[in-house]
1. Looking at (1) exposed (fewer than 10 other Cβ atoms within 10 Å of the Cβ); (2) assigned to a helix (DSSP H, G or I); (3) of a type in the set (Gly, Ala, Ser), which is the one condition that is false for GLY12?
2. Suppose we filter segment 15-54 for residues that are among the hydroxyl-bearing types (Ser, Thr, Tyr), part of a loop (DSSP other than H, G, I, E, B) and surrounded by 12 or more Cβ atoms within 10 Å (Cβ to Cβ); how many remain?
Amino acid sequence: MSAISTVLAQAGISIFAISTYNTDYILVKARDLEAALQTLTYAGYEIAFEAGASL
């Protein structure tokens, strides 16, 4: 979570982080979604979507 949130913060993208027992979630505003996906892809992260998910 630290690495991903740092990458997004450096790009000026605000996040809301939620941690659970099983996983962590990083939420971004809808208006920042495309920029967040591009930023994370450029930083080397692979983005996976679940079947039926939409942007």
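1. For GLY12, the exception is condition (2).
2. Step one: of segment 15-54, the residues among the hydroxyl-bearing types (Ser, Thr, Tyr) are 19-21, 23, 25, 39, 41-42, 45, 54.
Keeping just the survivors that are part of a loop (DSSP other than H, G, I, E, B) gives 20-21, 23, 45, 54.
Those still in the list that are surrounded by 12 or more Cβ atoms within 10 Å (Cβ to Cβ) too: 45.
Residues that pass the stated criteria total 1.
No lab work stands behind these numbers, since they all come straight from the coordinates. None of these values were measured; they are calculated from a predicted model. Cβ coordinates were reconstructed from backbone atoms using ideal geometry, including for glycine residues, and neighbour counts include every protein chain displayed.
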